[in-house]
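The values are calculated or read from the model by the stated rules, or taken from the named source; none is laboratory data. Since this is a predicted model, take the numbers as computed values, not measurements. Note that we place each Cβ from the backbone using ideal geometry, even for glycine, and neighbour counts take in every protein chain shown.
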Amino acid sequence: MARQDFRFFHPFRVRYSEIDGQGVVFNAHYLTYFDTTITEFFRHLGFDYQGYIRETGEDFHLVKSLVLYEKPILFDAEIDVGCRVEKIGNTSITFILEIFDKASDTRYCTGEIVWVNTHQTTHKTAPVRDDIRAMFEGFEKAGGA
C-alpha cells in the first residue's frame, strides 16, 4: 500500500531506548508501534475500550502479528504509523499497518495484526458487534473525518 491508502496515522519519534546495538529500531518495538497506533485509532474513533470490556465481558485477543521489515529506522527518526481495517470477519478484525518517514513517502515496513473478539469468562470467541463494524465503515465512508 501507499501512504495515501491510510486515513489514520499516529506519529512517533524513535527514542534511544528503542534502538539496538546496530543503531536501528529493535525488531520487537515495531509491534509496540503497531499496538499503540491501533489504540490511538480506536480513541480517534471515540470508542470507549474499557467501557466495552465492562459492558460486554469481551475483549480482543491478538492471534496473529506479522511484520515485514523493508528499511532500517534509525535513532531520532520521526515516523508516522498508518492503520486501517482490512477486514472484519465474524469474530475477527484484521488491521493493516505501515510505517512511513514523517517527511516523505518512504516506507520502512508493513504489517498485519489480527484480533479475535473473545468472552473473558468462557474464553470462547464472540461475534464482532454491529456497532464496531459501523464505526469502522462510517470512518471510511466519511473520508476519515
**Request:** For the range 27-45, enumerate the residues that are exposed (fewer than 13 other Cβ atoms within 10 Å of the Cβ) and in contact (Cβ under 8 Å) with a residue 24 or more places away in the chain.
**Result:** Asn27
**Item:** Among (1) more than 30 Å from His119 (Cβ to Cβ); (2) under 14 Å from the mean Cα position of the chain (by Cα), the one test that Gln22 misses
**Value:** (2)
**Request:** Please work out which residue is farthest from Cys109 (Cα to Cα), limiting yourself to the range 6-26 and to residues that are among the hydrophobic types (A, V, I, L, M, F, W, C) and touching a residue at least 60 places away in the same chain (Cβ under 8 Å).
**Result:** Phe8
**Item:** Complete set of residues in the range 1-51 that are within 19 Å of Ala103 (Cβ to Cβ), in contact with a Cys (Cβ under 8 Å, 6 or more places away or on another chain) and in a helix (DSSP H, G or I)
**Value:** Thr37
**Request:** From the list Val128, Val114, pick out the single residue that is in a loop (DSSP other than H, G, I, E, B) and within 19 Å of Phe41 (Cα to Cα).
**Result:** Val128
**Complete:** Counted residues in the range 62-73 being in a loop (DSSP other than H, G, I, E, B) and surrounded by 15 or more Cβ atoms within 10 Å (Cβ to Cβ) come to 1
**Request:** Have a look at Asp105, Asp76 and point out the one that is over 14 Å from the mean Cα position of the chain (by Cα), modelled with pLDDT under 95 and of a type outside the set (A, V, I, L, M, F, W, C).
**Result:** Asp105
**Complete:** Selection from the range 39-73 of residues within 12 Å of the chain's Cα centre (by Cα) and among the aromatic types (Phe, Trp, Tyr) yields Phe41, Phe42
**Residue that is acidic (Asp, Glu), closer than 24 Å to Val128 by Cβ and loosely packed, with under 12 Cβ neighbours inside 10 Å, where the choices are Asp48, Asp76, Asp59, Asp105** = Asp48
